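The values are calculated or read from the model by the stated rules, or taken from the named source; none is laboratory data. As the structure is a computational prediction, the values presented were derived from the model and not from experiment. Cβ placement follows ideal geometry from the backbone for every residue including glycine, while neighbour counts extend to all protein chains displayed. Side chains included, ligands, DNA and RNA excluded: accessible areas come from the protein's heavy atoms. Shrake-Rupley method; radii C 1.70, N 1.55, O 1.52, S 1.80 Å.
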Amino acid sequence: MSGDEAPKPTGFIASIVAPVKSVFEEIGILADLAFRAVFWGVRPPYRVPLVVAQLEFVGVQSVFLVGLVGLFTGMVFAVQTVYGFRRFGAENMVGGVVALTLSREMAPVLTAIMVAARAGSGMAAELGNMRSSEQIDALETMAVNPVQYLVVPRILAGLVMVPVLALIFFLVGVGGSWAIGVWGLSLDPGIFADRIKTMIVPSDIRQGLIKALVFGFTVTLISCRHGYFASGGAVGVGQATTRAVVWSVVAVFLLDYLITSMLTEV
Amino acid sequence: MLDATDAHVVVEGLVKIYGDRTILHGVDMTIGRAETLVVIGGSGAGKSTLVRHLIALERPTRGRIVIDGTDISSLNDVQLAKARRRFGMVFQKYALFDSMTVFDNVAFPLREQTKLSEKDIREKAMIKLKELGVDHAATLTPAQISGGMAKRVGIARALVMEPELLIYDEPTSGLDPVTSRTVDALIEEMRERFGVTSVVITHDMVSAFDIADRIAMLIKGRIVAQGSPAEVLAVDHTDVQAFIRSSGVDVKRFENRGNRKTAAELAEKARARKADRAG
């Protein structure tokens, strides 16, 4: 029937347009929330106890996990790099190469992913529950701006703590690679340390910290966005939590490429 | 019809559309100062959406909501936050902050909106908790108390600021009949003592006829009947009659409400109180 065929192009176009449109909508929602967070973040009252509580939740409670992941990442990199570099007798470079990889990439990226999995999911679930049980509406009716009360402290905590955690990841990771390289794989400790000193320049650490700062902001913003605008009861909160983690991780990898290409002269 | 000077809340041509669904089709209503307006209607009629507009939790697609002469739908976030200090809302799902104790929940608006000392805050919050019979639960968290108690704590939190306009979203749902009547008495008390204007959404017809100065019936996003309980009872509309009769309420009840003060008498009191505050 000709009537059946007519909608096909529309459906086909719609199937291309709809996802693109939703991506732009999503960016719009995030930009709006980010703008409101800045607007309300600079206005009094400054809710110091809430910020401290979030610093504790995002940062202090993540130290052990981030340290553990950092340790194993450093150890694995040491083993793999020694294995690879031995093929052409360059294992002396291992310390420097591992430190370079950790500082510029692994520390900020893996720290942000761990924070998204641990703290971001918690934020989305908590805010989502607050939305579905009308607690966010209650804040508004009591003349308390919910973005200022709930979102600002979480984003601030991400901005401060992800760089700190990335630094911890880096230090523990280098320690782990040193331990494996020197004690397990018989590398010379002096050369190992010397290569780190000569190969790592301040811009490597700076790039890592800039990434961590951007990731900290992005992960907490995306997590807050999905929790804050959650709908649909328990199922909706579950979906919001999943989306918060998935989109945070995707955003981290996307931004990692963009920042790397902007800050690295090849 | 109310005199314009007595009108506390005026809703004009309120239309709310979500996507392709129209929830409210041009609602017009006026709520007088110190009056209790009860909004009744079946599930999905748009009652909650209507009251969420009154407190600017939703923005109208079209139309205006004028409270005390100010169109609240045109205010920005900062102006709204200021205007909301005069409102209170009792939520259907209690909306207690589960990270705080019962006491901290009730003290929250006082801490946020006033400069009272911690001692005064404690005193005021405990008085409200006591009035609602939940003072023994002050140190517990919302997760540790029953639904009925949580409802009463939610009401205590809304009342503690002694607002001029109080909105109750199903205040008696989930409560036993005795507690429900206590809540009705409390709504009446707020009106009589402080001249509070109240908007109550309810399915509880006993409650509706007990406390209403006026009743508005909402069906599918339209007000189909509005007036005093007697007027609403007399409305010749099949849905209205079906709703009231099927609730099994003793319609004679509202005639025996004793020497209840009129909204006009109480409005005078409310104005004096407002002037006091301003002074």
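For chain A, set up a GNM with springs between Cα atoms under 10 Å and report which of A:110, A:30, A:209 has the largest fluctuation. Greatest mean-square fluctuation among the candidates belongs to A:30. Which Cα, out of A:49, A:166, A:81, lies furthest along the positive dipole direction of the range A:29-263 (beta carbon charges, K/R +1, D/E -1)? Most positive-ward Cα: A:81. Would you mind pulling out the separation of the Cα centroids of the range B:194-217 and the range A:204-266, in Å? Answer, in whole Å: 48.
Step through the table entries B:93/B:124; B:82/B:151; B:16/B:128; B:93/B:115; A:21/B:93, compare each Cα-Cα distance with 32 Å, and write down the pairs that go over it. Those over the limit are B:16/B:128; A:21/B:93. One chain, two ends: residue A:76 and residue A:194. Fully extended at 0.36 nm per residue, the span grows by 40.4 nm beyond their Cα-Cα distance. When nucleic acids and ligands are ignored and a 1.4 Å probe is applied, residue A:196 ends up with an accessible area of around 40 Å². For the protein assembly as shown, a simple Cβ point-charge model (Lys and Arg +1, Asp and Glu -1, everything else neutral) yields a dipole of about 680 debye relative to the Cα centre. Using only Cα atoms, tell me the angle between helix B:118-131 and the longest principal axis of chain B; keep it within 0 to 90° and round to the nearest 10. The answer is roughly 50 degrees. Calculated FRET efficiency, residue A:210 to residue B:192, Cβ-Cβ distance, R0 = 56 Å: about 0.35 to the nearest 0.05. Dipole size of the range A:29-263 about its Cα centre, with +1 on Lys/Arg Cβ and -1 on Asp/Glu Cβ: approximately 220 debye, rounded to the nearest 20. Accessible surface of the range A:29-263, 1.4 Å probe: 73 percent of it comes from carbon and sulfur atoms. A Cβ-based charge dipole, computed about the Cα centre of chain B with Lys and Arg at +1 and Asp and Glu at -1, lands at about 480 debye.
Across chain A, C-alpha contacts under 8 Å between residues 6 or more apart give a mean separation that, scaled by the residue count, equals a relative contact order of 31 percent. Highest mobility in the GNM of chain B, judged by mean-square fluctuation with C-alpha springs under 10 Å and restricted to B:18, B:168, B:94, is found for B:18. Taking each residue as 0.36 nm, the span from residue B:262 to residue B:235 lengthens on full extension beyond its C-alpha to C-alpha distance by 7.5 nm. Computed from label points 7 Å out along Cα-Cβ, the spacing between residue A:201 and residue B:18 is 5.7 nm.
Each of residue A:250 and residue B:82 was given a label point 7 Å from its Cα along the Cα-to-Cβ line. The distance between the two points is 4.2 nm. Relative to the longest principal axis of the Cα atoms of chain A, helix A:121-132 runs at roughly 10 degrees. Extension gain for residue A:35-residue A:262 works out to 79.3 nm (0.36 nm per residue, less the C-alpha to C-alpha distance). Accessible surface buried by the A/B pair amounts to about 1800 Å², both sides summed, 1.4 Å probe.
Across B:215, B:121, B:31, mean-square fluctuation computed from a Gaussian network of chain B (C-alpha pairs under 10 Å connected) peaks at B:121.
Computed over the range A:29-263, the quotient of the alpha carbon radius of gyration and 2.2 N^0.38 Å is 1.15. Once both axes come from the Cα atoms, what is the angle between helix A:202-228 and the longest principal axis of chain A, in degrees from 0 to 90, rounded to 10? Helix A:202-228 and the main axis of chain A meet at about 30 degrees. With the helix formula -39500 (n - 2.57) applied to DSSP H stretches of n ≥ 4, the protein assembly as shown reaches a computed 222 nm mean residue ellipticity of -18500 deg cm²/dmol.
Ligands, DNA and RNA left out, the 1.4 Å accessible surface of chain B is 51% carbon and sulfur atoms. DSSP finds beta bridges in the protein assembly as shown, and of those with both partners inside it, around 55 percent are antiparallel. Using the 1.4 Å probe convention, the accessible area of chain A works out to 48 Å² per residue with neighbouring protein chains retained.
Within the shell defined by Cβ-Cβ distances under 15 Å, the residues around residue B:223 carry a net charge of +1, with Lys and Arg each +1 and Asp and Glu each -1.
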